[in-house]
Structures are given as C-alpha cells and as structure tokens.
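Trainee: Pasting in a structure now, in structure tokens, and then I'll have a few things to ask.
Any read-out appearing in this document is the output of simple, stated calculations on the displayed coordinates, not a laboratory observation. Keep in mind that this is a model prediction, so the values were computed, not measured. Please note: Cβ atoms are built from the backbone with ideal geometry, for glycine as well, and neighbour counts cover all protein chains shown.
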Amino acid sequence: MLHRFLLGPGAYALAMIPAPFLAALRMRCPQCGQGELFQSYLKLSDSCRACGADFRAADSGDGPAVFVVLVVGAIATPLLFILQIAGAPTWVAIAVTLAAATALCLALLPLFKATLFALQWKHKAREATHEDIE
Ligand SMILES: [Zn+2]
C-alpha cells in the first residue's frame, strides 16, 4: 500500500490520511514519496530525483491561491471583527489582521500547491485540448 511506502513500516497512525494529502504534507513526490517536490519556495522541481517522475506534466496554476484566499479570508475576517469588538484601536486591528493574513498566505501556499499537484498527479488531470473536444 502506498501509505506504508510513504511512511515506512509501523507508521499506522497516519495511515488513514489519503496518499496524495500525505505526500503533500511531506512536500514529497506523489509518485514515490521520496523526492522533494519543490526546488524553491513555490517552484516545483522539473522531475523527481528519486524516481524520475516528470513534474512538468501537471500544473496547478492559480488553483492553490484561490483556496488559500478562501481559507485565509475565513480566518482573517472574524479576526478583524473580534479585534474591533474587543476594543483594539482600528490601526492595531488592521495591522494585526494584515500581518496574520500575510503570514497565513505564505505558510499555506506551498501546502495547497503540493496538495493540488498531488491530486492532479493521482487523477492524471491535465489541461484540456482540442483533441479532447472532438
Ligand atoms: Zn518520485
């Protein structure tokens, strides 16, 4: 099973996490679970160093940013309201909310990009072409 392959024998606690999500959490190759997925902060490697899988075949595009905006917006908006209701000065509430939103966006983007990439990889999703329509 791919879970055991990713985690090693005896690691049953995380075995319930579906393989694409587990590979994304570890930011590893969705094919073998060993090679690093990113060559820099948000730049995917061209291929897996462990198994040679070609990462150029899948591209998550702007998808991760959409999900990050939805998640961060759902957290930052209540935070701003709570700070305002708690009586914090407006500039403090805005500064804290902006700092939190920025930090969350930066932290979540690689995770969501790795997740969408792993799901694309698993489902063999690719860009539609004219040949698909005809
Ligand atoms: Zn690999």
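Trainee: If you average the C-alpha positions of segment 74-107 and of segment 113-134 separately, how far apart do those two centres end up, in angstrom?
Mentor: The distance from the Cα centre of segment 74-107 to that of segment 113-134 comes to 36 Å.
Trainee: Quick check on the exposure proxy: order THR129, THR115 from fewest to most C-beta atoms within 10 angstrom.
Mentor: THR129, THR115
Trainee: Next up: Nearest 20 debye, what's the magnitude of the dipole of segment 2-127 about its Cα centre given +1 on Lys and Arg Cβ and -1 on Asp and Glu Cβ?
Mentor: Using Cβ point charges on Lys, Arg, Asp and Glu, segment 2-127 gives about 340 debye.
Trainee: At 20 angstrom or more along the helix axis (alpha-carbon based) and mean Kyte-Doolittle of -1.0 or higher, what helices does the chain contain? Whole DSSP H runs only.
Mentor: 63-85, 90-123
Trainee: Determine, for SER40, SER60, the number of other Cβ atoms within 10 Å of each Cβ, and report the residues in order from fewest to most.
Mentor: Ordered from fewest to most neighbouring Cβ atoms within 10 Å, SER40, SER60 come out as SER40, SER60.
Trainee: Using helices alone, I'd like the mean residue ellipticity at 222 nm for the chain: each DSSP H run of four-plus residues gives -39500 (n - 2.57), total over residue count, nearest 500.
Mentor: -18500 deg cm²/dmol
Trainee: Give the list, by residue number, of cysteines in the chain with no other Cys Cβ closer than 4.7 Å, or say none.
Mentor: If one checks each Cβ against the other cysteines of the chain, CYS105 turn up with nothing under 4.7 Å.
Trainee: Next question. So if we plug the beta-carbon distance of ALA86 and ALA65 into 1/(1 + (r/R0)^6) with R0 = 25 Å, what FRET efficiency do we get, rounded to 0.05?
Mentor: That gives a FRET efficiency of 0.25.
Trainee: Which whole number in µm²/s is D for segment 25-121 by Stokes-Einstein, with the Kirkwood Rh taken over Cα pairs at 20 °C and 1.002 mPa s?
Mentor: D, rounded to a whole number, is 143 µm²/s.
Trainee: Can I ask one more? Among CYS29, CYS48, CYS105, rank each residue by its count of other Cβ atoms within 10 Å, from fewest to most, as a rough exposure measure.
Mentor: So the ranking, lowest neighbour count to highest, is CYS105, CYS48, CYS29.
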